[in-house]
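Step one of this worksheet: look at the structure below.
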Amino acid sequence: MTFRFLIPAVAAVVLFSASPASACPFCSPTGTTLTGEVAQADFIIFGSLSNATRDPNDPNSLSKGTTELSIDLVIKPNDLIKGKKSITIPRYVPPDGKNSKHLIFFNIFNGQLDPYRGEAVPADSKLPEYLKGAMEVKQKDIVTRLRYFFDYLEDPDIVVSSDAYSEFGYADYKDVREIGNKLSASTLLKWLKDPNTRGSRFGLYGLLLGHCGKPEDAKAIRALLDDKERSYTSGLDGVVAGYVLLDPKAGWEYLVGLIKDRQKDFPIKYAALKTVRFFWEFRPDIIPHADALAAIKMLMEDADIADMPIEDLRKWKLWDQTPAVLGLATKESHSGTPIIARAILKFAIAASWADPKNTAAIEYVNAARVKDPKRVQFLEEVLKDEQKPPTPPAGSEKKDPPKPNG
């Protein structure tokens, strides 16, 4: 169980502006990890809440008031709480009717306590132990840290397991790949087989198994994928990626089969696309670019998802695919679909900028400009904004932004 205190505007900027983008290809972490917030908090306490009292001047408020916090353990110390056994926090936190403990993060603003984040956990939670260990490995190499968090991925405490998952989610693929070689394939396969494993974890577990498993594990993954009693719609991408890593021939044939089946639901098609992207961007040593491109072109033929692979070709700057992309504009299943038309036009604009000799793209853009000049101008501005470099730090040498080149 988790509750959130109100976060002042200043604290919100500190917390959320620093959150890194997700790097693990098949993970979806959210928010700042606990260890990430340790550095930002002035102090952190684990303990019990009691004597919650509403503000007598505003009894209808859901948060104004006070609550006593008995200190069981100081996770991050501060002179303000040195030697104290309890403190009064300036929030009304009603009892949840359970024998819960709380991990609370504090900042100090103008001498006042600001408990900006609180996690309610079972009284026997491993959260203090987990966080203490996480802080101990914080300065160590990323592989050592990820190995620590692996042991908590299926912890029964949702706060602990979710945080461990986010640590993997924010790690670069190269680090996930390296740690994957050091993990237990039998543990990962057990988690994949367990009907109680959360669907959001399948992608990570499948990917990790692909790095530490053996050929027979590929057969086990295939059996799970073929089991009609199970559903891997969530995380299917990582599970299939793991299958391909362990058995490139059979795994890729399975993926292509998913792509060719136009009756599959959109989430499955999208999972297939994400898997293809993974091998194009990270593992062309396993699946050559030519094979990944062929799969992308098959996905472009499916009107349900065509705009996404077209966008991939643009981002990968594959301007030699201009005939294939522009040909979709007159395809009966695709024409008249605004989102596909937009993706085709963005590709054509970028291709015309990148290659002055790409007459097909130039002519397509010119024709679109005659028909709807405002639309073309708008998409040109969108593409220019995408290509703008990040704002340099104050005091650094200013340079002109690069000209559009697709």
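Quick look at the numbers
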{"read-out": "Single match in 292, 272, 223, 303 (criterion: over 24 Å from the mean Cα position of the chain (by Cα), modelled with pLDDT of 95 or more and assigned to a helix (DSSP H, G or I))", "value": "223"}
{"read-out": "Tally of residues being among the hydroxyl-bearing types (Ser, Thr, Tyr) and modelled with pLDDT of 95 or more across segment 226-269", "value": "2"}
{"read-out": "Members of segment 153-185 found to be charged (D, E, K, R), assigned to a helix (DSSP H, G or I) and touching a residue at least 24 places away in the same chain (Cβ under 8 Å), listed by number", "value": "163, 167, 175, 177, 178"}
{"read-out": "Hits in segment 6-59 (condition: crowded, with 19+ Cβ neighbours inside 10 Å, assigned to a loop (DSSP other than H, G, I, E, B) and either at pLDDT below 50 or in contact with an Asp or Glu (Cβ under 6 Å, 6 or more places away or on another chain) (or both))", "value": "26, 33"}
{"read-out": "When residues of segment 163-198 are limited to those that are in contact with a Pro (Cβ under 9 Å, 6 or more places away or on another chain) and of a type in the set (Gly, Ala, Ser), the one nearest to residue 219 (Cα to Cα)", "value": "169"}
{"read-out": "Residue satisfying condition, being buried (at least 17 other Cβ atoms within 10 Å of the Cβ) and either within 32 Å of the chain's Cα centre (by Cα) or of a type in the set (Asp, Glu) (or both), within set 368, 348, 361", "value": "348"}
{"read-out": "Members of segment 318-336 found to be touching a helix residue (DSSP H, G or I) at 6+ places or on another chain (Cβ under 8 Å) and β-branched (Val, Ile, Thr), listed by number", "value": "322, 325"}
{"read-out": "Some residue of segment 113-128 being among the hydrophobic types (A, V, I, L, M, F, W, C), surrounded by 18 or more Cβ atoms within 10 Å (Cβ to Cβ), at pLDDT 90 or above and assigned to a strand (DSSP E or B)", "value": "no"}
{"read-out": "Condition check for residue 75: under 34 Å from the mean Cα position of the chain (by Cα), within 18 Å of residue 116 (Cα to Cα) and not small (Gly, Ala, Ser)", "value": "yes"}
{"read-out": "Per-region count, segment 328-349, residues over 25 Å from residue 275 (Cβ atoms) and assigned to a helix (DSSP H, G or I)", "value": "7"}
{"read-out": "Subset of segment 34-65 [in contact with a Pro (Cβ under 6 Å, 6 or more places away or on another chain) and farther than 15 Å from residue 132 by Cβ]", "value": "52"}
{"read-out": "Any pair with Cβ under 9 angstrom, 6 or more apart, that starts in segment 254-274 at a residue that is closer than 13 Å to residue 303 by Cα and ends at one that is of a type in the set (Ser, Thr, Tyr) and not in a helix (DSSP H, G or I)", "value": "265/233"}
{"read-out": "Qualifying residue in segment 333-344 (condition: of a type in the set (S, T, N, Q) and either closer than 20 Å to residue 319 by Cα or touching a Lys or Arg at 6+ places or on another chain (Cβ under 8 Å) (or both))", "value": "no"}
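Residue-wise test of (1) surrounded by fewer than 16 Cβ atoms within 10 Å (Cβ to Cβ); (2) outside the structural domain of residue 24 (by TED's automatic domain parsing); (3) in contact with an Asp or Glu (Cβ under 6 Å, 6 or more places away or on another chain); (4) acidic (Asp, Glu).
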| site | (1), (2), (3), (4) |
| --- | --- |
| 187 | no, yes, no, no |
| 193 | yes, yes, no, no |
| 205 | no, yes, no, no |
| 214 | yes, yes, no, no |
| 217 | no, yes, no, yes |
| 235 | no, yes, no, no |
| 242 | no, yes, no, no |
| 255 | no, yes, no, no |
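The values are calculated or read from the model by the stated rules, or taken from the named source; none is laboratory data. Quantities reported herein were computed from a predicted structural model and do not represent experimental measurements. Methodologically, a virtual Cβ is constructed for each residue, glycine included, from the backbone with ideal geometry; neighbour enumeration extends over all protein chains shown.
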